[in-house]
Amino acid sequence: MNAPEPALQTGYNFAYLDEHTKRMIRRALLKAVAIPGYQVPFGSREMPLPYGWGTGGIQVTAALIGPDDVLKVIDQGADDTTNAVNIRSFFARVAGVATTTSTTDATLIQTRHRIPETPLAEGQILVFQVPIPEPLRWLEPRETETRTMHALREYGLMHVKLYEDIVRHGRIATTYDYPVIVNDHYLMRPSPIPKFDNPKLHRNPALMLFGAGREKRVYAVPPYTDVRSLDFDDHPFSVERWEEPCALCGSTETYLDEIILDDQGQRMFVCSDSEYCATRQEAGHKGEMAA
Amino acid sequence: MKPGKLLLQVRDLSKYYGNRVGCERVSFDLFPGEVLCIAGESGSGKSTLLQTLAFELRPNSGSVCYDLRGEGLTDLARLPDASLRELWRTDWGFVRQNPRDGLRMRVSAGANIGERLMAIGERHYGDIRLQAQDWLRTVEIDEARLDEAPTSFSGGMQQRLQIARNLVTRPRLVFMDEPTAGLDVSVQARFLDLLRRLTSELNLAVILVTHDLAVARLLAHRLIVMRQGRVVETGLTDQVLDDPHHPYTQLLVSSVLTA
């Protein structure tokens, strides 16, 4: 995490994509912001990383990033995982922008499957990597039909899935990519963030953009937009809770990852947001397994 | 049959597939609570007619008018898509020949019945479940099977589940495409009994496609006989079956062993 970022590499246009492509993506993003939750098709390009690794997110970031931006990239909450390190050094190399691991310092955050624990502020942009943008895809395979369903707000089918969850598990067992209604109209997949992060989508002051490279769609939740998680009256939406605090920083309010320590059943729970956890530890908070 | 307000008015309805005739110049009226049977050999345009009536296929000419709740007789061609789709899942039902086309095979029976309720905005799990249970009982399926997927049901049960799934929103008109075709004779009899009971109890209008004149005899008030896309004979069921006028109807009636 402390390794110096590589220097700017010459021979590439600023932020890798050519200006026309960036403009095309920005146009799609403007439309997405204008119609919150609506999936806007765009001409997705080949990027120097495989599908499923964030080709959508990286294109959105490339289209938006400017020389003065400060970039943070997280993967499942951590700044130091392969995907995050590589995308961060990619932009350091092709755009020469400053990078950071601090959520508050960043102007642009590209994320895979988490929303940082530190509350976002106005002016910040959060870019999500999306594998499957269509929330109704596994229920209705026809694209023409799902588009009509979105246009007419026919979302009863999504409740059939939640109903089936309760039948089988006694509760709504969907724990990530939990479907939401944006701005009282469009049903949206929030990308595979844990449902723990769903309440953070609601009326968030930051601009949230979603990019799906393989599926060639972008969509957006503009600042202060209503985002409601689907549920039943008698089975209301609720987020995950843990019985113990973070073993390193002692927080009881964060999303925790379970880490297996040995094959004797020893395990620990730690914050999935590595930067948030480290900041707390520096501030003197200690969990029971802290060094 | 007391002649009440018109439910469905069909005038000169034609549907072509290129140069081929699906159905041609079909006209009839349907009243609430009336069971109308469309009979004919395979390829005679029965299913095309049924799908055109339900506006799943757009007719090339002619009109279908339906007595919309609160709006009176309305030409379906002028109805916006949103209203038509709402009609499909509330005031109408469609029972398919193959239950795999009419059911969601991978979700439980309860979810199948509840789907329409959730589509019209029901958001209470317990209530949806209770209603699903009631309907299972009504169509004579053991309530203990509520949480089982239709794949574990017999053919007859699947067909009855399809009925329950359609009737849960209390439709006034149900389209049925050969609902008994895949069932063996004893199951068929029970299914027809159930259907007869439900149509009279719920004052349900039904347009039923079948090639089986025995089904028509048992259920239908009126009968339409089709051949090569055209209506060759129409009238009260008993009248048509006991005293067929058109040579083709005569052939059809005489070819059935026990009609």
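Quick look at the values:
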| read-out | value |
| --- | --- |
| Residue that is surrounded by the fewest Cβ atoms within 10 Å (Cβ to Cβ), among those in the range B:118-147 that are within 8 Å of chain A (Cβ to nearest Cβ) and aliphatic (A, V, I, L, M) | B:Ile120 |
| First in the range A:153-173 and within 8 Å of chain B (Cβ to nearest Cβ), second anywhere and of a type in the set (Ser, Thr, Tyr), Cβ under 6 Å, 6 or more apart | A:Ile166/B:Tyr125; A:Val167/B:Ser108 |
| Restricting the range A:230-246 to residues that are more than 25 Å from the chain's Cα centre (by Cα) and over 30 Å from A:Tyr186 (Cα atoms), the residue that is nearest to the other protein chains (Cβ to nearest Cβ) | A:Glu243 |
| Considering residues of the range B:185-201 that are of a type in the set (S, T, N, Q) and more than 14 Å from B:Gln158 (Cα to Cα) only, the residue surrounded by the fewest Cβ atoms within 10 Å (Cβ to Cβ) | B:Ser186 |
| Subset of the range A:14-43 [of a type outside the set (A, V, I, L, M), out of contact with any Gly (no Cβ under 9 Å at 6 or more places or on another chain), in a loop (DSSP other than H, G, I, E, B) and in contact (Cβ under 8 Å) with a residue 12 or more places away in the chain] | A:Tyr16, A:Pro36, A:Gly37, A:Tyr38, A:Gln39, A:Gly43 |
| Unique match (being of a type in the set (Phe, Trp, Tyr), touching a helix residue (DSSP H, G or I) at 6+ places or on another chain (Cβ under 9 Å) and surrounded by 20 or more Cβ atoms within 10 Å (Cβ to Cβ)) among A:Tyr12, A:Tyr16 | A:Tyr16 |
| Sole exception among (1) surrounded by 13 or more Cβ atoms within 10 Å (Cβ to Cβ); (2) in contact (Cβ under 8 Å) with a residue 40 or more places away in the chain; (3) within 25 Å of B:Ala205 (Cβ to Cβ) for B:Ser61, by number | (1) |
| Scope the range A:44-84; condition free of Cβ contacts under 8 Å to residues at least 12 places away in the same chain and under 25 Å from A:Cys277 (Cβ atoms); matching residues | A:Thr81, A:Thr82 |
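Results for (1) out of contact with any helix residue (DSSP H, G or I) (no Cβ under 8 Å at 6 or more places or on another chain); (2) small (Gly, Ala, Ser); (3) modelled with pLDDT under 95, shown as yes or no for each residue.
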{"site": "A:Val180", "(1), (2), (3)": "no, no, no"}
{"site": "A:Tyr186", "(1), (2), (3)": "no, no, no"}
{"site": "A:Pro190", "(1), (2), (3)": "no, no, no"}
{"site": "A:Met208", "(1), (2), (3)": "no, no, no"}
{"site": "A:Pro223", "(1), (2), (3)": "yes, no, no"}
{"site": "A:Asp226", "(1), (2), (3)": "yes, no, no"}
{"site": "A:His285", "(1), (2), (3)": "yes, no, yes"}
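The values are calculated or read from the model by the stated rules, or taken from the named source; none is laboratory data. The structure presented is a predicted model; accordingly, all values stated were derived computationally and were not measured. Cβ coordinates were reconstructed from backbone atoms using ideal geometry, including for glycine residues, and neighbour counts include every protein chain displayed.
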